[in-house]
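For reference, the structure is listed below as structure tokens.
The values are calculated or read from the model by the stated rules, or taken from the named source; none is laboratory data. As the structure is a prediction and not an experimental result, all values here were calculated from the model. Here Cβ is always computed from backbone atoms with ideal geometry, including for glycine, and neighbour counts include all displayed protein chains. What goes into the accessible areas is simple: the full protein's heavy atoms, side chains included, and nothing from ligands, DNA or RNA. Shrake-Rupley method; radii C 1.70, N 1.55, O 1.52, S 1.80 Å.
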Amino acid sequence: MSRETAQLRRRYERIAPYYDGLDALFERFRYRRIRPLLFAGLGGSILDAGVGTGRNMPFYPHGADVTGVDLSRAMLRRAARRRASSPARVTLVEMDLARLAFPDGTFDAAVASFVFCTLPDALQLAALRELARRKHPADGIHPPPWRHPPQAGRTVGAMGALGVRRKLRS
């Protein structure tokens, strides 16, 4: 595990009990409207990269098989509490997005809702490559439909370089 990954894990292990409260205003006034858009039109086997505390779960497609991956065991414990709110079958896995242990082409789609806003620059390209390898070639990685912060510019540029289809909605 890289130094950056270890630091990120420690940070989210520490803030997991407070995460939803810290993020409550953003959730209420922005994210709650965006989350359903991330999963619109998706089905089959979906990777939810950086599942966090599981706030995407109510918006998973009915009947889909969703694997939620997060670096933090504490965040996954909180996500497990939301599993019953999902219309999909949900599996939660502790895993580093920069080193996914799934075979190539495992998923029909990969959704990265907020993870690239929190990953250090040093880990972004590795995580994006891992997501691109694990999803089925016919579909894409679905980042959120909003402008990325300036530090994510390299990642968004890398998405184009890797041939990742970016699904934008207005």
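Data for the structure
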{"quantity": "Verdict on Pro58 being open to solvent by 30 Å² or more (accessible area, probe 1.4 Å) and either within 30 Å of Arg3 (Cβ to Cβ) or in a helix (DSSP H, G or I) (or both)", "calculated": "yes"}
{"quantity": "Criterion: at pLDDT below 50 and either among the aliphatic types (A, V, I, L, M) or at positive phi (or both) - qualifying residue of Val111, Val164", "calculated": "Val164"}
{"quantity": "Residue within the range 92-111 that is of a type outside the set (A, V, I, L, M, F, W, C), in contact with a helix residue (DSSP H, G or I) (Cβ under 8 Å, 6 or more places away or on another chain), open to solvent by less than 20 Å² (accessible area, probe 1.4 Å) and under 14 Å from Leu8 (Cβ atoms) present", "calculated": "no"}
{"quantity": "Answer residue from the range 22-46, given it is charged (D, E, K, R), assigned to a helix (DSSP H, G or I) and open to solvent by less than 40 Å² (accessible area, probe 1.4 Å) and is farthest from Arg133 (Cα to Cα) among those", "calculated": "Glu27"}
{"quantity": "Any chance Tyr19 is open to solvent by 40 Å² or more (accessible area, probe 1.4 Å) and without any contact (Cβ under 8 Å) to a residue 60 or more places away in the chain", "calculated": "yes"}
{"quantity": "Which numbered condition Ala88 fails, given (1) more than 28 Å from Gln7 (Cβ to Cβ); (2) open to solvent by 60 Å² or more (accessible area, probe 1.4 Å); (3) not basic (Lys, Arg)", "calculated": "(2)"}
{"quantity": "Matching residues, the range 118-145, being at pLDDT below 80, in contact with a helix residue (DSSP H, G or I) (Cβ under 7 Å, 6 or more places away or on another chain) and open to solvent by less than 10 Å² (accessible area, probe 1.4 Å)", "calculated": "Ile141, His142, Pro143, Pro144"}
{"quantity": "Cβ-Cβ under 7 Å pairs, at least 6 apart or on other chains, the range 96-125 side more than 20 Å from Leu38 (Cβ to Cβ), far side modelled with pLDDT of 90 or more and surrounded by fewer than 20 Cβ atoms within 10 Å (Cβ to Cβ)", "calculated": "Ala101/Met95"}
{"quantity": "Residues satisfying the stated conditions in the range 71-95, i.e. assigned to a strand (DSSP E or B) and either hydrophobic (A, V, I, L, M, F, W, C) or closer than 16 Å to Leu38 by Cβ (or both)", "calculated": "Val90, Leu92, Val93"}
